[in-house]
Amino acid sequence: MKKIHYWFLLVCLMLSTTACEDYLERFPLEGPADQSYFANASELELAVNGCYKGMNFHPTDAMPTQLLLDDCTDLGWDRNNSTLQQLGKGSHDSNNGFVKSVWDNSYKIIGRCNFILDNMGKLDGKMDATLQARYRAEARFVRAYMYHYLIELFGGVPLVTKTVGLSDSQIPKASKEDCVTFIFSELDEAAKDLPVTYDAKNVGRATKGAALATKARTALYNGKWDVSAKAAKDVMDLNVHKLHPNYGELFSYKGQTSNEIIFALQYLKTSTVIHSTPQNFLSRNAQGASNKVPGQILIDSYECTDGLSIDKSPLYNPKEPFKNRDPRLDFTVAVPGSNYFNFKFETHKDSVKTINYATGARVDNQDAIHAFATYTGYCWRKYTDMTDKDDRSNSELNVTLIRYAEVLLIYAEAKIEANQIDQSVYDAINAVRQRPTVTMPAIKTGKTQAELRSVIRKERKYELTNEGFRLMDIRRWKLADKLLVGNFLGRIPKGLLATAPSIDANGTPDYSSVPNKADMRVVEVRIFKPERDYLWPIPYIETVTNKALTQNPGY
């Protein structure tokens, strides 16, 4: 599907004629262009391609939203004094630029989808009916996906389902429940006409599995356990998707065609559809900025290879804290002592020299001495690929939005919360834990609902970190007010933790009993207001322009 980006500029030109001011760009207005589009199937295809392209928007630092969200949670941090950092530390308001970008771009995409759905009937009887139905289903999927994202960040939002003009642009919020009902209906209809797979030239388009998986996720997030479990099982029963054997490859160019990937943002350098994730994630030795980084809490969350937390496992050695750990830690995070882009990665402030593995030479260690080396002592490894090492701001690595491992975890969690615990729950969790490159011990049967709830919440952290799920997870579990307050911690600049912290049922470390806890780097002090911060604010300008739109509580 990467070919669709060649046509994006034409799509933009086409759609721009339907808007008369910035505020309504996302709600294309009626006008002369409505009478000429769509004249043929090719124009319809270009417009649908434009909906997909719109999903690649970058709220800050030329990065997609999905790879930024974990850096405003308990797992990560944004060094830039940015609107993303404000969201992490709780200093944001309704003028936050990151929030506005997500809102504006989401509604622009929804507006494109509405324009297509309102006007494609002109081609009835003039093009292949099956293809027309598929394009309709694709537009409905994209629209539903964007609404699913909006409601988890903002709560109830205006439910715009048709092209609107200036006279009918004052639209109040729909309740979150009404939005969920709409999303379910749209995804059900889309799933009827979306294919299970595509030929090579159309890979990347929405499939039946993508629609069902989005329904399963939306249902899970909104406590509709039976709906969620059934939709996830429907994906499983397609017998198309499977877990990729190599976990690390999933987030590299080698893994882009894996059957585990159900839906992904498509990037392509030749059509200038690129992102700068490597530049933001990579270490100073690798010539990156290391300004989006994981924190100590994440590192200490991962279990040892015996399946026990670090405060319980005999395999954990505080003097060698990164050994004998869940392999997903190394696949997700560059930890000290590892090979990271051909350098020995070491952030200990006394390690002024390091090894360049490509040349064998000892060189100045920028990851220890540079003023803006990673503040936490760690870097993200997930979504960095050696292919991009010399062109770090122009990556064409696709970014996965839905993958099969998530579907398995959705299925397991929905069944656990419905208290319908059977062997299939254990099978789903253990399939994820025991893929060949992970091989963590199986979760044994006989656990209570509460015990399995703990298991699944930790498993989502280990499996899905740095993929944009954490914020929604800790909000819906009502843990954000506990996890997004106090000190965000990094590695001790000179030394190691004397003992393991205690780990709670959700896999969260508590350092209060660690003798040298005071030596840990306090990267940021965070505030979370429960009455306010479980939702983002509606952008201020929206409440000014749309008098029917009420602000979220506390803003």
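Throughout, read-outs are computed from the coordinates displayed, never taken from laboratory work. Small disclaimer: the values here were computed from a predicted structure and weren't measured. Here the Cβ positions follow ideal geometry from the backbone for every residue, glycine too, while neighbour counts run over all protein chains shown.
Could you tell me whether region 41-147 comes out rounded, prolate or oblate from its Cα gyration tensor? Rule is a ≥ b ≥ c as square roots of the eigenvalues, rounded for a/c under 1.5, then prolate if a/b exceeds b/c, otherwise oblate.
Numbers: a/c = 3.66, a/b = 3.10, b/c = 1.18.
Judged from the Cα gyration tensor, region 41-147 comes out prolate (a/c at least 1.5, a/b above b/c).
Taking amide H positions as placed in the peptide plane 1.01 Å from N, state which residues far from Leu489 in sequence (5 or more) or on other chains have amide H under 5 Å from it.
Gln296, Ile297, Val523
Indicate the gyration tensor shape class of the chain (rounded, prolate or oblate), computed on the Cα atoms with a ≥ b ≥ c the square roots of the eigenvalues: a/c under 1.5 is rounded; otherwise a/b larger than b/c is prolate and the rest oblate. It would help to have the intermediate numbers written out before the result.
Numbers: a/c = 1.64, a/b = 1.53, b/c = 1.07.
Because a/c hits 1.5 or more and a/b exceeds b/c, the chain counts as prolate.
Check Val273: other-chain or 5+ apart residues with amide H under 5 Å from its amide H, H built from backbone geometry?
Answer set, sorted by chain and number: Leu268.
Could the peptides 444-457, 52-65 be put in order, highest first, of the mean number of other beta-carbon atoms found within 10 Å of their residues?
Values: 444-457: 14.8, 52-65: 20.5.
Descending packing order for the listed peptides: 52-65, 444-457.
By how many degrees, between 0 and 90 and to the nearest 10, does the Cα long axis of helix 129-154 differ from the longest principal axis of the chain?
The angle comes out near 50 degrees.
Fewest to most neighbouring Cβ within 10 Å: what's the order for Leu75, Leu265, Leu483?
On the way: Leu75 24, Leu265 21, Leu483 18.
The most exposed by this proxy come first: Leu483, Leu265, Leu75.
Residue by residue through region 419-434, what is 3J(HN,Hα) from phi via Karplus (6.51 cos²θ - 1.76 cosθ + 1.60, θ = phi - 60°)? Round to whole Hz and write x for glycine and proline.
Result, ordered by residue: 6, 10, 7, 9, 4, 4, 5, 5, 4, 5, 5, 6, 4, 5, 5, 10 Hz.
Is region 260-314 best put as rounded, prolate or oblate by its Cα gyration tensor, with a ≥ b ≥ c the root eigenvalues, rounded for a/c under 1.5, and otherwise prolate when a/b is larger than b/c, oblate when not? Can you show the working numbers first?
Details: a/c = 4.12, a/b = 1.81, b/c = 2.28.
Verdict is oblate for region 260-314.
Can you compute 3J(HN,Hα) from phi for each residue in region 160-173, using the Karplus curve 6.51 cos²θ - 1.76 cosθ + 1.60 with θ = phi - 60°, rounded to whole Hz and x for Gly and Pro?
Working through the residues one at a time gives 9, 10, 8, 5, 10, x, 4, 6, 10, 8, 8, 10, x, 5 Hz.
Between Ile541 and Ala41, how many nm apart are label points set 7 Å from Cα along the C-beta direction?
The answer from the label model is 4.0 nm.
Per q in 0.10, 0.16, 0.20 1/Å, what log10 I(q)/I(0) does a Debye calculation on the alpha-carbon atoms of region 206-316 return?
Per q value, in the given order, log10 I(q)/I(0) is -0.52, -1.13, -1.14.
Taking 7 Å along the Cα-to-C-beta vector as the label spot, tell me the Ala129-Lys162 distance in nanometres, rounded to one decimal.
Using points 7 Å along Cα→Cβ, the separation is 2.5 nm.
Which cross-chain or sequence-distant (5 or more) residues have an amide H under 5 Å from the amide H of Leu401, H modelled 1.01 Å from N in plane?
The list, which skips near neighbours in sequence, is Phe263, Ala264, Leu265.
Which entries in Lys53/Lys242; Lys233/Lys415; Lys100/Lys482; Lys233/Lys478 show an alpha-carbon gap greater than 18 Å?
Numbers: Lys53/Lys242 26 Å; Lys233/Lys415 11 Å; Lys100/Lys482 26 Å; Lys233/Lys478 26 Å.
In this structure, Lys53/Lys242; Lys100/Lys482; Lys233/Lys478 lie more than 18 Å apart at Cα.
Report the net charge of residues surrounding Arg453, where surrounding means a beta-carbon distance below 9 angstrom and charges are Lys +1, Arg +1, Asp -1, Glu -1. Don't skip to the answer; put the middle values down first.
Numbers: positive: Arg457; negative: Glu413, Glu417, Glu451.
Within the 9 Å Cβ shell, the charges total -2.
Based solely on its DSSP helices, what 222 nm [θ] is calculated for the chain when runs of n ≥ 4 H residues each add -39,500 (n - 2.57) and the sum is averaged over all residues, nearest 500 deg cm²/dmol?
Working: 20 runs with 212 residues, N = 555.
The helix-only estimate for the chain comes to -11500 deg cm²/dmol at 222 nm.
Please list 3J(HN,Hα) in residue order for region 366-372, calculated via the Karplus relation 6.51 cos²θ - 1.76 cosθ + 1.60 where θ = phi - 60°; whole Hz, with x for glycine and proline.
Using θ = phi - 60°, the values come out as 5, 6, 10, 9, 5, 4, 10 Hz.
Would you mind calculating the gained length between Trp477 and Leu496 on full extension (0.36 nm times residue separation, minus the Cα-Cα distance), in nm to one decimal?
On the way: separation 19, 0.36 × 19 = 6.84 nm, distance 3.19 nm.
This chain segment gains 3.7 nm when fully extended.
Ranking Ser228, Ser351 by Cβ neighbours within 10 Å, fewest first, what do you get?
Details: Ser228 25, Ser351 16.
Exposure proxy ranking, most exposed first: Ser351, Ser228.
For Asp128, Asp306, Asp199, Asp74, what ranking results if the residue with the fewest other Cβ atoms within 10 Å of its Cβ goes first? Please list the in-between numbers first.
Values: Asp128 10, Asp306 13, Asp199 7, Asp74 25.
Result, fewest neighbours first: Asp199, Asp128, Asp306, Asp74.
For region 303-366, what value does the Rg/Rh ratio take when both radii are computed over Cα atoms and Rh is the Kirkwood radius, given to two decimals?
On the way: Rg = 13.9 Å, Rh = 13.1 Å.
My calculation of the ratio gives 1.07.
Near Lys312, which lysines are there with a Cα under 16 Å away, not counting those fewer than 8 places off in the same chain?
Lys323, Lys458
If packing is taken as the average number of other Cβ atoms within 10 Å across a peptide's residues, how do 475-482, 401-408, 211-218 rank, most packed first? Let's see the in-between values first.
Working: 475-482: 15.6, 401-408: 23.9, 211-218: 27.1.
Ranked from most to least packed, the peptides come out as 211-218, 401-408, 475-482.
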